[in-house]
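Once you've had a glance at the structure underneath, I'll fire off some questions.
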Amino acid sequence: MTAWSRPRINHLGRDVSARIPPRDTVPGMVWLGERDEAIWRLAASYLTVRDNDAHSLYSYGIARALLSQVPEADERIVLPAILLHDTGWSTVDEQDALEAIAPGGGRPDLVLQHEREGARIAREILNAVDVPTADIDIIVEIIDGHDSRTTSLSINDSVVKDADKLWRVSPHGRAVVCDWFGLDDDEALRLCAYRAYDELFTDAGRAMSRALVALGSMQLSPQMASVYRREESQ
Ligand SMILES: [Fe+2]
Ligand SMILES: [Fe+2]
């Protein structure tokens, strides 16, 4: 099932679909290529805990956008790493995992466990899809420590870290955080924006964060609320 659907209304009243550009000519549209599709097929069953599958796909999209702005980073390292980075949460009890990532969370041991186990699972999957051993070593090193390590090993590590953290301020990230911690939309935006920005490593990541947080702020502004009230009363 896809997340989009056909429209129910056409105010213009005629078909403009012949003017819609092909997907591969549109700057910024991304999808999983053959290698990443193969990795995803093996990774998905390890990502069913706590929306980690959707988190990983959104972070993959963010990583692709960052790669377009950070040409020194290597997609052969960054993209497998972002797809696989959280597979290790599959080895942690779901409730315990929430405690580990909660504000002021008290289970740093579980953060380390998901990194270590994720590195192990990633190595198995990358071996299975014939990624070169030298690349596997680099990818696994990035995954092992991706949350607990506050410094970056390389530009590839920086892009992976930024893609992971930027998800927090995406619409999906904010919605998931609401449910995790019982927050309203505004509280979730403030928590996610505050936690994400200072941890970013790239200028492109900081610019993306500012844009996403600004959009979220406008979405939750009293002025936007009155726009929606006007539309509902029409
Ligand atoms: Fe993680
Ligand atoms: Fe993550």
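Figure the gain on full extension for A102 and A134 (residue separation times 0.36 nm, minus the Cα-Cα span) and round it to one decimal in nm.
Fully extending the segment from A102 to A134 adds 8.0 nm.
Once the Cα atoms of helix 171-181 and of the chain are each reduced to a long axis, what angle between those two axes, in degrees from 0 to 90 to the nearest 10, is obtained?
With both axes taken from Cα atoms, the answer is about 70 degrees.
Once the Cβ-Cβ distance between Y194 and S45 is put in as r, and R0 is 35 Å, what FRET efficiency do you end up with, to the nearest 0.05?
0.55
Relative contact order for region 1-136 using alpha-carbon pairs under 8 Å, separation at least 6, rounded to a whole percent?
23
Might you report the magnitude of the Cβ-based charge dipole of the chain about its Cα centre, with Lys and Arg at +1 and Asp and Glu at -1, to the nearest 20 debye?
So the dipole magnitude of the chain works out to roughly 1080 debye.
What is the gain in length, in nm to one decimal, between R19 and L220 on full extension, counting 0.36 nm per residue of separation less the C-alpha to C-alpha distance?
That works out to 69.0 nm of additional length.
Let me ask something else about it. Sort M208, M218 so the one with the fewest other Cβ atoms within 10 Å of its own Cβ comes first.
The fewest-first ordering by Cβ neighbours comes to M218, M208.
R0 = 22 Å: FRET efficiency of A207 with E72, Cβ-based, nearest 0.05?
0.85
Using θ = phi - 60° and the Karplus curve 6.51 cos²θ - 1.76 cosθ + 1.60, what whole-Hz ³J(HN,Hα) does each residue of region 43-49 get, with Gly and Pro shown as x?
Ordered by residue, 3J(HN,Hα) equals 7, 4, 5, 8, 10, 7, 7 Hz.
Still on this structure, I have one more. Mean residue ellipticity at 222 nm from the helices of the chain, using -39,500 (n - 2.57) per DSSP H segment of n ≥ 4 over the full residue count, to the nearest 500 deg cm²/dmol?
The per-residue figure over the chain is -19500 deg cm²/dmol.
With r defined as the distance between the Cβ atoms of R35 and D185 and R0 fixed at 41 Å, what FRET efficiency is calculated, to the nearest 0.05?
Approximately 0.65, to the nearest 0.05.
Moving on to the next point. Where does each of W180, W40, W167 land when they are ranked from fewest to most other beta-carbon atoms within 10 angstrom?
Neighbour counts put them in this order, fewest first: W180, W40, W167.
Taking only the C-alpha atoms, wrap a convex hull around region 103-234 and report its volume per residue in Å³ as a whole number.
That works out to 145 Å³ per residue.
Something else: Can you sort Y58, Y197 so the residue with the fewest Cβ neighbours within 10 Å comes first?
Ranking Y58, Y197 by Cβ neighbours within 10 Å, fewest first, gives Y197, Y58.
Throughout, read-outs are computed from the coordinates displayed, never taken from laboratory work. Quick caveat, the model's predicted, so the values are computed rather than measured. We place every Cβ from the backbone using ideal geometry, glycine too, and count neighbours over all the protein chains shown.
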